[in-house]
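Undergrad: Pasting a structure here, questions to come.
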Amino acid sequence: MSAYPKDLDQGWRRRLRSRVLRWYDQNGRKLPWRESADPYRIWVSEIMLQQTTVTAVVPYFERFIERFPDVRRLAEAEQGQVLRLWEGLGYYSRARNLHKAAGVIVRDLDGRFPEPADELKQLPGIGPYTAGAISSFAFNQPAAILEANTLRLYSRLIALDIDPRGTEGQKKLWKFAGWIVSRKRAADFNQAVMDIGSQVCRPVDPKCSTCPLMPSCKSFEEGRQSEIPLKNPKPQITDITEVSIAVRKGGRFLLRQHADNERWAGLWDFIRFEVSDTDVANVQMPERRRAKATATLSGQQSLFGDGGAESLSQLPPALSQRVTELTGAVVGSYEPITEIRHAVTRYRIRLLCLVCDHESGRLKQGTGYQWCSQSQLRELPLSTTGRRFATLLGSCK
Ligand code: SF4
């Protein structure tokens, strides 16, 4: 098949464009980043929206813009300040690249965003979709865009019968996206197709009977809208167990910043490593509900305060040895704080959060571990689980 079905001609394209734009004029969504054509705001919002829902992004976007209202202010900031504002949004390489690209725009381009998508793609963290979005939304350039919603919508419109995420499928869809985008109202057109994809041409149960594009839709014509786009095989999920250990000395805790080549680069975290189920077979965790209600940091006293079941227990040798190997600190007993379940890429993680008092041992040089006060914990950018743990420790009230 060609970039678009052979029987789709200029007339088909003209009718489709006018249906899309008419729908947008009546139904376009009002979102904070649509209020202006400022490439900076569009760029920040598009980066935040990658892998994240609109509802989750709105408060982050507003806080971010308030703190860094333009590209120069972002370029001047420390990376840690940017990561702190990003905390909880995940995929932190997005924030690091945003900061890096701001530096390039200010230093090499006199603070101005390039208009063509091809030039925008040269900046750190700006892929083909984001380049097309900035180019079309900010500068009304007829640039192609393709993300989850338009991928589904376009696949159905042309009844794409190959995997839309494979190399060949991507090539065809990008070509189609460049062919179909309106030359005069590229910004409105691209916003509209994303909205129609998310609100009307939904992944399951598309609303074909009320769809403005139904008369142009090949999948609808062929009755194949539930089988297109072709599904990609589900990734294999692996279950793992990790421990996060807050080693305490006086009112301070041991943390380190993740290196550039590690998961959550730039963020800080307590000691954390993978363990076997045998290693933690005897670790007693409190019920999650109870831990949330009762765990507060109170000097050297038990976190559970009532002398109940979660009193001090000896840390399993495999865990205490690993803490010493990693940091040089010697710890003995632990208090269980909480258990967090979360997922990272293809891993489903059970994370056991424990507090241990430092008994002896000097910190090893070159490991990056540092004693951090509670006020530092409030300021430093932490991983999402690190922040939840720190909050239970009573450090982020
Ligand atoms: Fe999607 Fe149905 Fe509209 Fe086709 S007619 S674009 S399948 S909602």
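Undergrad: When only residues in the stretch 209-233 that are closer than 30 Å to ALA343 by Cα, out of contact with any Leu (no Cβ under 7 Å at 6 or more places or on another chain) and not acidic (Asp, Glu) count, which is farthest from the ligand (Cβ to nearest atom)?
TA: Only one residue tops the list, namely PRO233.
Undergrad: Within the stretch 171-181, can you find the residues that are within 14 Å of ASN149 (Cα to Cα) and within 16 Å of the ligand (Cβ to nearest atom)?
TA: Result: LEU173, ALA177.
Undergrad: Could you count how many residues in the stretch 182-194 are at pLDDT below 95 and within 12 Å of the ligand (Cβ to nearest atom)?
TA: The qualifying residues number 0.
Undergrad: Show the residue pairs that are 6+ apart or on different chains and have beta-carbon atoms under 6 Å apart, the first residue being within the stretch 216-228 and in contact (Cβ under 8 Å) with a residue 40 or more places away in the chain and surrounded by fewer than 19 Cβ atoms within 10 Å (Cβ to Cβ), the second being of a type outside the set (Gly, Ala, Ser) and part of a helix (DSSP H, G or I).
TA: If the second residue must be of a type outside the set (Gly, Ala, Ser) and part of a helix (DSSP H, G or I), no pairs are left.
Undergrad: Would you call GLN236 out of contact with any strand residue (DSSP E or B) (no Cβ under 7 Å at 6 or more places or on another chain) and more than 8 Å from the ligand (Cβ to nearest atom)?
TA: yes
Undergrad: Looking at the stretch 263-274, is at least one residue over 23 Å from the mean Cα position of the chain (by Cα) and at pLDDT below 95?
TA: no
Undergrad: Name the strands (runs of 3 or more DSSP E) wholly within the stretch 316-397 that hold at least 1 residues that are out of contact with any Phe, Trp or Tyr (no Cβ under 7 Å at 6 or more places or on another chain) and free of Cβ contacts under 8 Å to residues at least 12 places away in the same chain?
TA: Once the strands (runs of 3 or more DSSP E) in the stretch 316-397 are filtered for at least 1 residues that are out of contact with any Phe, Trp or Tyr (no Cβ under 7 Å at 6 or more places or on another chain) and free of Cβ contacts under 8 Å to residues at least 12 places away in the same chain, what remains is 330-344.
Undergrad: Take PRO206 and decide whether it is part of a loop (DSSP other than H, G, I, E, B), more than 13 Å from the ligand (Cβ to nearest atom) and open to solvent by less than 40 Å² (accessible area, probe 1.4 Å).
TA: Considered against the rule, which asks whether it is part of a loop (DSSP other than H, G, I, E, B), more than 13 Å from the ligand (Cβ to nearest atom) and open to solvent by less than 40 Å² (accessible area, probe 1.4 Å), PRO206 comes out as no.
Undergrad: Looking only at the stretch 84-132, how many residues end up being in a helix (DSSP H, G or I) and among the hydroxyl-bearing types (Ser, Thr, Tyr)?
TA: Within the stretch 84-132, residues that are in a helix (DSSP H, G or I) and among the hydroxyl-bearing types (Ser, Thr, Tyr) number 3.
Undergrad: Return the residues of the stretch 133-158 that are in a loop (DSSP other than H, G, I, E, B) and either under 25 Å from GLU119 (Cβ atoms) or open to solvent by 10 Å² or more (accessible area, probe 1.4 Å) (or both); say none if nothing qualifies.
TA: Once the filter is applied, which keeps residues that are in a loop (DSSP other than H, G, I, E, B) and either under 25 Å from GLU119 (Cβ atoms) or open to solvent by 10 Å² or more (accessible area, probe 1.4 Å) (or both), the stretch 133-158 yields ASN140, GLN141, PRO142, ALA143, ALA144, ILE145, LEU146, GLU147.
Undergrad: Of the numbered conditions (1) in contact with a Cys (Cβ under 6 Å, 6 or more places away or on another chain); (2) open to solvent by less than 20 Å² (accessible area, probe 1.4 Å), ALA186 fails exactly one; give the number of that condition.
TA: Among (1) in contact with a Cys (Cβ under 6 Å, 6 or more places away or on another chain); (2) open to solvent by less than 20 Å² (accessible area, probe 1.4 Å), ALA186 violates only (1).
Undergrad: Here is a follow-up. So TRP174 passes all but one of these: (1) surrounded by fewer than 20 Cβ atoms within 10 Å (Cβ to Cβ); (2) touching a residue at least 60 places away in the same chain (Cβ under 8 Å); (3) under 27 Å from the mean Cα position of the chain (by Cα). Which condition number does it fail?
TA: (2)
The values are calculated or read from the model by the stated rules, or taken from the named source; none is laboratory data. Not measured: the values here are computed from a predicted model. Please note: Cβ atoms are built from the backbone with ideal geometry, for glycine as well, and neighbour counts cover all protein chains shown. Heavy atoms of the whole protein, side chains included, go into the accessibility calculation; ligands, DNA and RNA do not. Shrake-Rupley method; radii C 1.70, N 1.55, O 1.52, S 1.80 Å.
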